[in-house]
Structure formats: C-alpha cells, structure tokens
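The values are calculated or read from the model by the stated rules, or taken from the named source; none is laboratory data. Note that the structure is a prediction, hence the values are computed from the model and not measured. Cβ sites come from the backbone with ideal geometry, for glycine too, and all protein chains shown count toward neighbours. Protein only, heavy atoms only, side chains kept; ligands, DNA and RNA dropped before computing areas. Shrake-Rupley method; radii C 1.70, N 1.55, O 1.52, S 1.80 Å.
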Amino acid sequence: MFKQFLVLIFFLVNLNLIAQTSRADDKILDKIEKEKSGKPSNVKNDTITGKDYKIFYFDGRTESIDTTLSIYKDYKFNFLRNDSFELLSMPNVGNSYNKLGYTFNNRIDFPKLGARAKHFHYFENEDIGYYNVPTPFTEIFAKSTFEQGQILDMLVSINLSPQFNFTIAHKGYKSLGKYINTRSRGNQFRFSTNFNSKNKKSNFKFHLTSQNIFNKESGGLTADGIYFFEQAPNYFVLDDFGNQIENEDGTFEMVEYDGYIDRSRLPSWLLSESSLYSKRVFTDFNRSLIYNKEKNSSILSIGLQFNHEYKKLEYNDDYTSALFGEVEEGILVSDQSRNILQKSILYFESDLNKFGKLKLDYSLINSENSYKDYEGTLTGLIFNLDNKQSNFSTKWNKAFKFVQIEFRSNKSLNEELISNYTSISLETDRIKNVKIKLNAFSSERSPNLNYILFRSAYKDYNWYNSNLKNQKSSSLSAELSYKELVKLSGEYSLIDNYTFFRELTNALIGETDNFRRAAPNQINTDISYYKIKLFSKLDFGKFSFINTGQYQKKEQDLELDGLATLNVPEWITRNTIMFSSEVFNNSLFIQTGFTFNYFTKFFADYYNPLLSEFVTQNYKEIGNYPRVDFFFNARIQQTRVFLKVEHLNSSLSGYDFYSDPFNPYRDLSVRFGLVWNFFK
C-alpha cells in the first residue's frame with residue numbers, strides 16, 4: 001500500500017505542474033509567518049497568506065495552515081498529534097493510553113463497537129480534513145520511536161481548480177519497544193476530496209480510509225517482573241523460606257545487579273497479538289434549492305450523506321496463556337469479530353437571518369456485529385448482534401447581539417441500541433479580550449456493543465447481556481478565557497447506570513497476581529464527577545511560564561455499589577518553563593526548557609489485551625511520581641524541529657512509575673522529529 005501511495009503521489013505532483021501554474025514564493029511565505037508573529041511586512045493585500053490554506057472538518061470546524069512554533073505545538077508533537085494532558089501513554093508508541101480524566105458531553109448517534117483502547121489514534125469521520133489550497137501543499141510529520149522504528153505521517157493536498165481539491169495522506173509507524181513483546185506497527189491511509197460548483201450551489205465531499213493497527217501483547221509484567229522492575233538495581237537476598245536476611249547492624253542483605261535496567265529481561269505474561277483492520281467510505285452531497293446571490297449564501301439546501309464502515313478485530317495466542325482462564329478443549333485461541341456499520345442520511349439546511357441556521361436530519365442505520373464460532377465448538381450461543389435504527393436530529397444556531405446560541409438534539413426512533421441527546425451552548429466575546437462559553441448536555445444511550453455481546457475461546461469471556469440498562473448522563477460545563485494568557489474551565493456530570501468492565505478476581509487471596517477475569521458491570525446508583533481546570537501563561541522577556549492544573553473528584557455511594565469505579569487522580573498538573581529567542585540574525589527561532597508532569601495516586605484501570613479495553617480494579621494504586629522532560633525546539637522558515645529528553649528523572653525518583661498497575665511507564669529516552677511544510 002505504501003509503495004502504491006508513493007507512485008500515486010509522483011504522478012499527481014507531475015499532473016499538478018501542468019494544471020496549476022500559480023505558486024507562492026518562499027520569501028513571501030516567510031513574510032507571512034512574520035505577519036503571524038506580529039512583525040512588520042511589506043506583503044501586499046492580494047498576496048497569498050496562510051489563511052488562504054483552509055481545512056474543513058465534518059463537525060463544522062475550520063482551520064488554517066499554521067507554521068509558527070509555540071509551546072502548544074510542543075504539547076501536540078506526539079503520536080496522537082494532539083494535546084494529551086488527560087492521557088497517560090503506555091510503554092510503547094502505538095499501543096494505547098490510560099485515562100486521567102473524563103468528559104460526558106460527547107454527541108454520539110449510535111452505540112460504539114467497543115475495543116476503545118484501539119481507537120485513541122483511529123481516524124474517525126470528524127478527523128478527516130477537506131482542504132482548499134491556492135497552491136500545492138505538503139506536510140511531513142516524522143518522529144523517532146523506541147527501538148527499530150519511526151513514525152511518518154505525510155499529506156499532499158492539491159487544488160486542480162479553485163473548485164476541486166483532493167488530498168492524500170498516509171501514516172505509517174513501527175516501534176519495537178523496550179519491553180518484551182510490545183511491538184506495534186500500523187498503516188493508516190486517507191484520501192479526501194471536495195468539489196464546489198462555480199455558482200456555489202452544489203457541494204460534494206468524499207473520503208476513503210484504510211487502517212491497519214497491529215500490536216503484540218505482553219499482558220503486563222508478572223509478579224516477579226514487577227519486583228525486579230521496582231527493586232532495580234538492588235535486590236534483597238532471601239533465605240530458603242523467602243524471608244529477607246538481616247545483617248548484624250539491622251540492615252537487610254542486598255545484592256547489586258543492574259541487568260534488569262535492560263527492560264527486555266523482565267518477564268511478562270503473554271506472547272499474543274491483536275489487531276484492528278478497517279475500511280470506510282464516506283460521501284456527502286449538498287445542493288442549494290434557494291440561493292441568495294447578493295449575500296452569496298444558500299437560504300435552503302438539501303443533502304444526502306452515506307457512510308459505510310467495516311471493522312475486523314482479531315486476537316491470536318498460539319501459546320494459549322492461562323492468564324485469562326480456561327480455554328475450550330481443542331481450540332487454538334484465534335478470536336475474531338466483524339462489524340459493518342452503514343448509515344444513510346437525508347438532511348435539510350436553512351439560513352434565515354431572523355431565525356438563524358437550522359439543520360434537520362433523518363438517518364437510517366444498519367449495524368451487523370458477529371463473532372467467530374470456532375466451527376460450532378461453542379454450541380448454544382448467540383454470535384450475531386444486528387440492529388436497524390433510525391434517528392431524527394436537529395441543529396440550530398443563531399448569533400444575537402451579545403451572544404451566540406447553538407441547540408442540538410438527536411432522537412432514536414427504535415427502542416433497541418439507542419442514542420438520545422440534547423445540548424445547548426452559549427458563547428460570547430462582547431467583553432474585550434474575554435471569551436465565555438456555557439454548555440448544558442443530557443444524554444441517554446445504550447452501552448457499547450461489546451458490553452452486550454462478546455465471544456472468545458476463553459470460557460470466562462463469553463456473555464450476552466440483553467438486559468443492560470441505558471446509561472444516562474447530564475453535564476454542565478463552562479469556560480472563561482482572557483486572550484491566550486488565562487483559561488478557566490469546569491465540568492460537572494451526573495451519571496446513572498454507568499457501564500464499565502470490572503475485574504472479578506479476588507486480590508485478597510492473590511488471584512489478581514496470576515489471572516485476569518473481566519466482565520461488564522453497571523452501577524445502578526448515581527455517580528457525580530466534576531473537574532476544574534486552570535491554564536495560565538506568563539511572559540517575562542524571553543522567558544515564559546506555562547501552567548496547567550486540574551482538580552477533579554468523583555463521588556459514589558460505595559455502601560450500595562461496593563466497587564469504586566470511574567477512578568481518577570485528584571490532581572493533574574503540567575508546568576513548563578521556557579526560553580524563546582531569535583538567533584543567527586533572526587534566521588532561526590528556538591524554544592527550550594523543561595516540562596514537569598505530575599498526578600496524584602489513584603486506582604487506575606488496567607489494559608486488557610483480549611478485550612482491547614481498560615478494566616476497573618481496586619487492587620493497586622499508581623501515580624505520585626514526577627516526570628520531567630527537557631525539550632529543544634527550533635523553526636527554520638516552514639520547518640519545525642523537535643528534540644526531547646523524556647522522563648529525564650526516571651533513574652532518580654525510584655522505579656515506581658506505571659501506566660497501569662501491570663505496565664511500567666517509559667524510562668528516560670531521547671526522541672526527535674520534525675514537521676515540514678511545503679508551499680509551491
């Protein structure tokens with residue numbers, strides 16, 4: 001696929017040299033960036049600027065190409081290419097992320113498949129951009145990984161005419177990892193195109209994705225592996241009965257051995273593999289029925305949208321580990337599931353000045369989810385979960401003199417596998433340099449499909465829960481910001497029938513040390529969850545102090561529920577001290593400094609590779625360890641170079657840093673990469 005992608009790029013670029021003759025000079029683009037940084041420029045008003053390179057998203061967002069360098073770019077220079085403040089990465093790149101915080105105001109029109117640990121870097125509909133560029137645009141993202149690999153995400157966007165654009169992108173990655181059997185690799189291909197007629201009455205969008213996400217699974221460290229990890233490089237000498245040997249001075253006899261600093265020596269549970277393979281086709285056609293030429297906008301339009309998505313999940317274990325319990329006799333573990341989601345939408349849009357913008361949708365959804373039945377060995381079980389659903393949704397927004405209001409709702413018309421929500425938001429920036437956002441959200445939706453039905457060769461991982469209740473949630477959120485210097489946000493949520501995976505083994509008798517037995521569970525009482533987040537940025541000459549702190553708390557009646565879930569650390573902080581300067585006659589811009597990360601102890605969920613989910617446990621706490629990163633970033637014209645020493649203090653603070661109760665966080669590592677933009 002990647003070779004075909006390179007060949008296609010070669011021909012498309014040559015085609016573009018004939019079809020498109022207008023080009024932006026590098027000097028002009030350099031002046032554009034100086035304009036963005038507030039420096040004077042002699043560029044004329046009719047010159048192409050970075051604002052002319054537009055990216056449109058499915059959810060209504062519009063962005064422009066930005067080649068400046070800031071601390072926000074540093075926060076986003078990671079595998080997800082997004083700020084991961086509320087996420088804790090697993091040991092290897094391309095694996096998964098543990099959650100340090102939650103939000104309950106996401107709009108979902110149909111229950112998700114599940115396997116959420118595989119979807120952190122999965123490209124959903126709303127992640128695909130539709131471009132409009134005056135000249136050919138190329139972006140290259142590259143970054144080193146852990147042992148024998150790299151990440152490369154390349155995008156090429158071309159407008160063959162002012163009305164027609166196509167964009168091709170491919171993300172490929174590979175990382176062996178420091179720990180045994182944690183190798184990851186993946187290929188994520190995206191193609192998008194959009195067309196706008198000259199009279200602006202017709203609009204067409206299309207995208208195609210092909211994604212293959214593969215992981216070798218270790219299951220975390222064994223009990224011995226955890227001991228050797230935490231005690232490295234010194235270990236207590238034990239007698240024949242497993243007791244520590246005491247010296248005459250009262251200390252315990254120890255032996256020095258740093259062999260386990262080589263993390264590949266630490267024993268783990270599994271030698272298995274898991275993967276997610278997906279293909280998706282998406283089209284959207286919109287035609288204006290009534291068009292206002294004077295205002296150059298559509299008054300009434302009709303649209304058709306079609307989405308077809310196929311997913312295949314696999315888990316293979318040739319060695320049939322006993323970690324997940326007993327296996328059906330005569331079966332080699334090779335779990336498979338297939339999901340086909342097909343959605344068709346008919347919608348109407350109107351734009352009347354006095355009444356605002358209104359959009360009405362009617363959608364038909366067909367979902368098919370099936371599991372491998374091992375040639376009839378698993379007898380008497382249900383292997384398919386099919387559903388047909390239809391939704392009616394509305395979206396209305398209007399800008400008043402002092403405030404902008406948006407209302408959204410979705411109503412499922414059938415009783416099974418529903419997703420109903422209502423949302424209203426207000427936004428105002430009438431106070432100089434101050435922006436205020438308020439949002440109220442209420443939803444009721446069915447649990448993800450793998451909570452309802454799951455089939456596996458492991459006996460304990462087979463269930464069909466047709467009586468699960470719908471999860472209900474209500475949330476209020478607010479955000480207050482002053483320029484880019486201070487931002488205060490908060491969210492309060494009330495959740496009923498919270499659905500999650502819980503660990504069933506008994507930690508008191510040591511079962512959890514040797515087995516993992518997870519199953520769906522619901523809390524039938526209300527859980528309240530709130531968080532308050534403060535961001536601030538202070539500049540003193542060439543020095544900057546950027547601070548982000550979040551306080552959060554969950555309240556739950558444990559006397560009735562018996563199990564603490566939705567566990568989060570009480571505090572999450574990130575503090576950066578940075579020096580910025582132009583050097584070499586302003587030809588190079590640099591930023592360097594330190595970032596300190598910290599979160600308090602809590603009962604973190606653990607990663608279960610068989611389910612590709614995180615499971616609630618009340619067995620072991622992680623956290624309360626600082627992480628210090630050193631960074632040196634530079635910008636030369638449209639190229640940003642990033643160098644980072646991650647977890648600089650790993651050998652100084654003690655080996656008690658974890659991503660989940662069984663998987664250590666990353667040791668000190670030096671990583672580098674770049675983001676390179678071309679404008680021709």
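Can you give the percent of C-alpha pairs in the stretch 535-585 whose distance is more than 19 Å?
Working: 701 of 1275 pairs.
I get 55 percent for the Cα pairs in the stretch 535-585 exceeding 19 Å.
Report the relative contact order of the chain, percent, no decimals, based on alpha-carbon pairs under 8 angstrom and at least 6 residues apart.
Across the chain, relative contact order equals 11 percent.
Can you list which of the DSSP-assigned H helices in the chain have a Cα extent of 20 Å or more along the long axis and an average Kyte-Doolittle score of at least -1.0?
2-19
Kirkwood-type hydrodynamic radius, the stretch 48-126: 15.3 Å, calculated from all non-identical alpha-carbon pairs.
Projected onto their three principal axes, the Cα atoms of the stretch 66-190 cover extents of 50, 39, 30 Å, largest first. Adding -39500 (n - 2.57) for every DSSP H run of four residues or longer, then dividing by how many residues the chain holds, sets the calculated 222 nm ellipticity at -2000 deg cm²/dmol.
Other residues whose C-beta falls under 10 angstrom from the C-beta of Asn369 contribute a net charge of 0, scoring Lys and Arg +1 and Asp and Glu -1.
Normalised by the residues of the stretch 550-680, what does the relative contact order come to in percent, with Cα pairs under 8 Å and at least six apart? Don't skip to the end; give the middle numbers.
Details: 268 pairs, mean separation 25.3, N = 131.
RCO, the stretch 550-680: 19 percent.
Each label was represented as a point 7 Å from its Cα along the Cα-to-Cβ direction; for Tyr102 and Ser264 these points are 4.0 nm apart. Once you wrap a convex hull around the alpha carbon atoms of the stretch 117-214, what is its projected area averaged over all directions, in nm²? So the mean shadow area of the Cα hull is 7.1 nm².
Stretching the chain fully between Val403 and Leu504 yields a gain of 31.3 nm (0.36 nm per residue, less the alpha carbon separation). When the alpha carbon coordinates of the stretch 435-556 are projected onto the principal axes, the ranges are 64, 35, 25 Å, largest first. With 5 Å bins beginning at zero, the pair-distance distribution over Cα atoms of the stretch 63-107 amounts to 5, 17, 21, 22, 15, 15, 4 %.
What is the dipole size for the stretch 588-657, taken about its Cα centre, with +1 at each Lys and Arg Cβ and -1 at each Asp and Glu Cβ, in debye to the nearest 20? Display every interim value, and only then the final one.
Numbers: 6 positive and 6 negative charges, 67 e Å.
Using only the charged Cβ atoms, the result is roughly 320 debye.
Ordering 191-203, 621-633 by mean Cβ neighbour count within 10 Å, with the highest value first, yields 621-633, 191-203.
Per residue, the convex hull spanned by the alpha carbons of the stretch 149-275 comes to 155 Å³.
Sorted into 10 angstrom bins from 0, the C-alpha pair distances of the stretch 591-680 split as 15, 33, 27, 18, 7, 0 percent. Protein heavy-atom surface of the chain, 1.4 angstrom probe: 54% of the accessible area is carbon and sulfur, with nucleic acids and ligands not counted. Each of Gln150, Leu476, Tyr277 was scored by the projection of its Cα onto the charge dipole of the chain, and the greatest displacement toward the positive side belongs to Leu476; charges sit on the C-beta of Lys, Arg, Asp and Glu. Note that the stretch 418-424 has calculated 3J(HN,Hα) couplings of 9, 8, 10, 8, 9, 9, 9 Hz, one per residue in order, obtained from phi through the Karplus relation 6.51 cos²θ - 1.76 cosθ + 1.60 (θ = phi - 60°); glycine and proline are x.
In the stretch 217-356, taking the dipole from charged Cβ atoms about the Cα centre, the farthest positive-side position among Phe252, Ala223, Phe348 is held by Phe348. For the stretch 262-278, the Karplus equation 6.51 cos²θ - 1.76 cosθ + 1.60, evaluated at θ = phi - 60°, returns couplings of 6, 5, 6, 7, 6, x, 10, 8, 10, 10, 10, 9, 9, 7, 10, 10, 8 Hz by residue, with Gly and Pro reported as x.
On the principal axes of its alpha-carbon atoms, the stretch 185-255 has extents of 92, 22, 14 Å, going from largest to smallest. Using a cut-off of 20 Å between Cα atoms, the listed pairs Lys112/Lys174; Lys354/Lys401; Lys487/Lys644; Lys99/Lys469 include Lys112/Lys174; Lys487/Lys644; Lys99/Lys469 as exceeding that distance.
Got the relative contact order for the stretch 184-274 handy, in percent, Cα pairs under 8 Å and 6 or more residues apart? Write down the numbers at each step before the final one.
Values: 133 pairs, mean separation 26.9, N = 91.
After rounding, I find 30 percent.
For the stretch 325-431, with only Lys/Arg (+1) and Asp/Glu (-1) charged at the beta-carbon, what is the dipole magnitude about the Cα centre, in debye rounded to 20? The dipole of the stretch 325-431 has a size of about 1240 debye. Compactness of the stretch 445-485, taken as the C-alpha radius of gyration over 2.2 N^0.38 Å, stands at 2.15.
Here the stretch 253-361 is treated as an ellipsoid with the same Cα gyration tensor; its semi-axes, largest first and in whole Å, are 57, 23, 11.
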